[in-house]
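The structure appears right after this line, and notes come after that.
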Amino acid sequence: MDKIYIWQQTLWKKLAKERQFSGHALLLKGRAGIGKSLFAHHLAKFLLCEHSENAAEACGNCQSCTWFTYGDHPNFYLLEPEALSILSGDTIVNSKVEEDTRTTKPKKKPSQQISVNQIRALNDFVYLSGHQDGYRVILIRPAEAMNPAAANALLKKLEEPPANVLFILVSHCPQHLLPTIRSRCHQITMPVPDVTTASNWLKQQNIKSPEVCLAAAGFAPLLALTFNDPEYMNNHGDFIQQISDPANFNPIILAEKMQRYNLSIVVSWLQKWCYDLLSFRCTGKVRYHPSQQLVIQTLAANIENKVLIVFMRDLISTQQLSKHPLNARLFLEEMLLSYAVLITATWNKE
Ligand SMILES: [Zn+2]
């Protein structure tokens, strides 16, 4: 975690140069899977570094940087829910949290929330402990995980901010934060890389099909890493091959094949495919399947927008049902037969 991502460098240069954060709190906001937490850690390390005054980066060698690297900096406090989703794509290894989960047997399900007690525990950090009364950084992520009592307790701290303390809040859903918290933060919208940048970055991580992973992750590069899985790739490849070939498409066989796989994911494949059919008809461009553009062009030519939009609307309901189907195979058969009607009816017109 020594380097920020390439798409964050412009923002980094600006922040490192200005070093002026209005107020005592920063809110780094943006979608999941773009590296907000890593950026926040990088910033905390930089601000705590003993030699960063006129530098562009933390030195990496001082006592402070060493503490930070080993995850035990006395002036840095990471506040997060017990059960931080590892799929967020923003996960940073925190040595303290890791130790705890390794050595203690979980008695109950880890909490998804940040509790008021966790916020209250900050008092010791802010007022009692710490190193040489120096600058302190508190990182809260994801900030929307604070329950109402925790949010109110934090608000009180932001209203009367302790000296020499910077709060960094990281949020995928800033709209779920109290407006009074948001208004007390200097808000920064975190950059999202364009498809080429994200794709190139994934190639550097040795991802074989960056395009497929990126599309699966809604173009969030860190999230895309989690889709680099052979089972996912094989099923996705088979699915797309079938639905893109009306002459040989067999809904019954495909349903049987996919019934044991995650149904929500299968529905999302068809949703993205249909999105591209409609997108091509309306704009001449595809978003999720650039390598299939010719096939999409051919299929899209014979489907009416109105029919496609109705089908896509039905897929939204199908997606909602996908978590609790009575029978996975029948559920898929129904969806795929409807799709077959959509494409073969128009296909036969030729
Ligand atoms: Zn340093």
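A quick yes/no check of all residues on (1) within 16 Å of Ile343 (Cα to Cα); (2) touching a residue at least 60 places away in the same chain (Cβ under 8 Å); (3) among the aromatic types (Phe, Trp, Tyr):
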{"site": "Met190", "(1), (2), (3)": "no, yes, no"}
{"site": "Thr196", "(1), (2), (3)": "no, no, no"}
{"site": "Gln205", "(1), (2), (3)": "no, no, no"}
{"site": "Val212", "(1), (2), (3)": "no, no, no"}
{"site": "Ala216", "(1), (2), (3)": "no, no, no"}
{"site": "Asn228", "(1), (2), (3)": "no, no, no"}
{"site": "Ala247", "(1), (2), (3)": "yes, yes, no"}
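Looking only at region 153-173, how many residues end up being in contact with a strand residue (DSSP E or B) (Cβ under 9 Å, 6 or more places away or on another chain) and either assigned to a helix (DSSP H, G or I) or not polar (S, T, N, Q) (or both)?
14
Keeping to region 35-61, report how many residues are part of a loop (DSSP other than H, G, I, E, B) and within 11 Å of the ligand (Cβ to nearest atom).
11
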Qualifying residue in region 311-322 (condition: in contact with a Lys or Arg (Cβ under 6 Å, 6 or more places away or on another chain), among the hydroxyl-bearing types (Ser, Thr, Tyr) and at pLDDT below 95): no
Search result, residues across region 126-177 that are among the acidic types (Asp, Glu) and within 28 Å of Ser52 (Cβ to Cβ): Asp133, Glu160
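Per-residue answers, yes or no, for (1) loosely packed, with under 15 Cβ neighbours inside 10 Å; (2) in contact (Cβ under 8 Å) with a residue 24 or more places away in the chain; (3) out of contact with any His (no Cβ under 8 Å at 6 or more places or on another chain):
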site: Ile265; (1), (2), (3): no, yes, yes
site: Ser268; (1), (2), (3): no, yes, yes
site: Tyr275; (1), (2), (3): no, yes, yes
site: Ser279; (1), (2), (3): no, no, yes
site: Ser322; (1), (2), (3): no, yes, yes
site: Asn327; (1), (2), (3): yes, no, yes
site: Leu332; (1), (2), (3): no, yes, yes
site: Tyr339; (1), (2), (3): no, yes, yes
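Does Ser64 meet the test of being within 16 Å of the ligand (Cβ to nearest atom), surrounded by 15 or more Cβ atoms within 10 Å (Cβ to Cβ) and polar (S, T, N, Q)? Give the steps one after another, and end with the answer.
Working: within 16 Å of the ligand (Cβ to nearest atom): yes; surrounded by 15 or more Cβ atoms within 10 Å (Cβ to Cβ): yes; polar (S, T, N, Q): yes.
In short, yes.
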Only listed residue being crowded, with 20+ Cβ neighbours inside 10 Å, at pLDDT below 95 and either within 24 Å of the chain's Cα centre (by Cα) or under 22 Å from Arg136 (Cβ atoms) (or both), chosen from Leu28, Leu48, Leu15: Leu48
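Would you confirm, using the coordinates I've provided, whether Ala247 is touching a helix residue (DSSP H, G or I) at 6+ places or on another chain (Cβ under 8 Å) and under 20 Å from Asp314 (Cα atoms)?
Judged against the criteria, Ala247 is not a match.
The values are calculated or read from the model by the stated rules, or taken from the named source; none is laboratory data. Computed from a prediction, not measured in an experiment: that's the story for all the values here. Reconstructed Cβ throughout: ideal geometry from the backbone, glycine too, with neighbour counts over all protein chains shown.
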